[in-house]
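Here is the structure we will look at.
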Amino acid sequence: MNTDTISIMDDFLVRAVLAGAGVAAVTGPLGSFVVWRRMSFFGDTLAHSALLGVALGLLLGIDLTVGVLAVAVVAAILLLGIERRTGLAMDTVLGILSHGTLALGLVAVAFLERVRFDLMGFLFGDIFAVTATDIAWIYGGGALVLALIAYLWRPLLSATVHADLARAEGVPVDRVNLVFLLCLALVVATAMKVVGILLVAAMLIIPAATARPYSRTPERMAVFAVIIGWLSVAGGLGLSFAADTPGGPSIISFGLLLFALTTGLMTLRQRRSDG
Amino acid sequence: MDQVSRAGGPIVELSGVEVRAGNRVLVTGIDLSVSDGEIVALIGPNGAGKTTLIRAALGLVRPSTGTSRKRRGARIGYMPQRLNIDRNMPLTVRRFLGLAGRFEPGARTQVLEETGIARIIDSPVHDISGGEWQRTLLARALLREPDLLVLDEPAQAVDLTGQAELYRLIGEIRDRRGCGVLMVSHDLHLVMSSTDQVVCINTHLCCAGTPDTVSRDPSYVALFGESVAETMALYHHNHDHAHGVDGSIVHEHGHDQHHG
């Protein structure tokens, strides 16, 4: 790295833009799958388990992203196991685990009193405090996730549409689903720094849902979701910088604004064309 | 698939198959086979285990006892029951067909012509009718150039005229391609004319044979009740009465009795 890039990376605003753009590039396609698979609550549960990962990381003195990733992976695999067993409805299981893991995480970090610890930063993200290491995680993990999703695109779509039909056509559905969940865990672990544990699911869902009415194909929806994510990051960071509002919540608020505007516009246009 | 049978035999063959979910027996003691050019209809009431049996034939579920054999190298085209695509997923008919995987470039043109859906190829899957959707599912199964078509309730959500057309289409496809067909239906009289063999199940095997013998079988009558059996009987004896709109029996020459 030469001195120019170091000085640029020293600028917290540049780091924030890079981090936000990197996260949005991955949450676009992954969030589209979360929406298609009706897994928004699942994403939320994975994100909430991240606080336990933070506590684990602090306790063991390892990189926090590694701790979060480890817990998210275990949570994803546990949820997959529970989903296979019938008994409780999936939304009940997720409802229990989503808030249960969050509560456990809050209790766990309370035991770590001696560690200097910014709870709000983990819950709502602290995009202006991301380090060069965080950015390396976001881009390294993001590149891996995008490469996997691109490679598995058709089998993943086919398994999303109908698992049995995909199986009958030779798609290894269970393996594909496992890879998808691991990707989701990785995205949760890296996006946490930017938008926070409580808002990771929003970053997955809002851009994808905003893109839906303007898309005729799955690919277009994924690409539009990325662009809408970037707009949200730009708008949110602008708002945050100008009005000194928290970064993560500002990005999500801007995304919500885009969603409300485009959905409203769509409804109006439909009503007009209906006469 | 547990085993692979030698070439020349049936495309799929289930013998003594039992499938359990936990301790619950979903189907038990079922023998069933489909050969080239043969249409086998699997009938039975709701919850009889028809879909479970289909899944066993496809190798999607492993029998707890018995065997499910597939002929070596046999390709299977599957049309599942109740495939609803989430409205959140934008998908055209073309892209839905593309999910079937690699196929010969000429195959799609031929399949579109066969199923008559060329007109709607670029329509979103959410905007087409129930009959068009079932034909699209059939087209995806055909793209694999299957030796065996496995169709789970192919005529669901299709009106009566459309149902007859769809079953005729399935018959034509069998004639043209010489493939075997295993299809699930809940009413025998609809599939009767296009079926070679009927297997009637209600968890266990009730009766099997040609449509004619099955419709006269006491266990079939017991399973579906007198009313269905009576409907079936219309195919076998001459009408000596008709049914009034209230279901009462009206004798052919007795209309004036109502006024009398």
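The values are calculated or read from the model by the stated rules, or taken from the named source; none is laboratory data. Every value quoted in this text rests on a predicted model; they were computed, and no experiment measured them. Here Cβ is always computed from backbone atoms with ideal geometry, including for glycine, and neighbour counts include all displayed protein chains. SASA here: full protein model, heavy atoms, side chains in, ligands and nucleic acids out. Shrake-Rupley method; radii C 1.70, N 1.55, O 1.52, S 1.80 Å.
Criterion first (farther than 30 Å from residue B:9 by Cα and open to solvent by 30 Å² or more (accessible area, probe 1.4 Å)) does residue B:116 satisfy it? For residue B:116, the condition - farther than 30 Å from residue B:9 by Cα and open to solvent by 30 Å² or more (accessible area, probe 1.4 Å) - is met. Pairs are defined by a Cβ separation below 8 Å, a sequence spacing of at least 6 or placement on different chains, a first member in the range B:138-153 that is farther than 16 Å from residue B:175 by Cα, and a second member that is of a type in the set (Lys, Arg); the pairs so defined are B:143/B:108; B:144/B:75; B:152/B:50; B:153/B:82.
Would you be able to say whether some residue in the range B:127-145 is away from every other protein chain (no Cβ under 14 Å), surrounded by fewer than 22 Cβ atoms within 10 Å (Cβ to Cβ) and under 24 Å from residue B:57 (Cβ atoms)? The answer is no; no qualifying residue exists.
Being modelled with pLDDT under 85 and either under 30 Å from residue A:234 (Cβ atoms) or aromatic (Phe, Trp, Tyr) (or both) holds for only one residue in A:124, A:42, A:117, and it is A:117.
Here residue B:65 meets the list (1) surrounded by fewer than 17 Cβ atoms within 10 Å (Cβ to Cβ); (2) at pLDDT below 90 almost entirely, failing just condition (2).
State whether one or more residues within the range B:164-171 are in a strand (DSSP E or B) and in contact (Cβ under 8 Å) with a residue 40 or more places away in the chain.
No - not one qualifying residue is present in the range B:164-171.
Could you tell me how many of the residues in the range A:103-132 are open to solvent by 30 Å² or more (accessible area, probe 1.4 Å) and either in contact with a strand residue (DSSP E or B) (Cβ under 9 Å, 6 or more places away or on another chain) or within 14 Å of residue A:192 (Cα to Cα) (or both)? The number of residues fulfilling the criteria is 8.
The residues on offer are A:262, A:267, and the sole one that is surrounded by 15 or more Cβ atoms within 10 Å (Cβ to Cβ), out of contact with any His (no Cβ under 7 Å at 6 or more places or on another chain) and either touching a residue at least 40 places away in the same chain (Cβ under 8 Å) or not charged (D, E, K, R) (or both) is A:262.
Would you please name the residue that is surrounded by the fewest Cβ atoms within 10 Å (Cβ to Cβ), looking only at residues in the range B:172-195 that are free of Cβ contacts under 8 Å to residues at least 60 places away in the same chain and under 30 Å from residue B:95 (Cβ atoms)? It comes out as B:172.
With (1) more than 11 Å from chain A (Cβ to nearest Cβ); (2) open to solvent by 20 Å² or more (accessible area, probe 1.4 Å); (3) closer than 21 Å to residue A:33 by Cβ as the list, and residue B:94 as the residue in question, which single condition is left unmet? It fails just one condition, (1).
Of the numbered criteria (1) surrounded by 23 or more Cβ atoms within 10 Å (Cβ to Cβ); (2) more than 14 Å from every other protein chain (Cβ to nearest Cβ); (3) over 15 Å from residue A:25 (Cα atoms), the one residue A:198 fails is (1).
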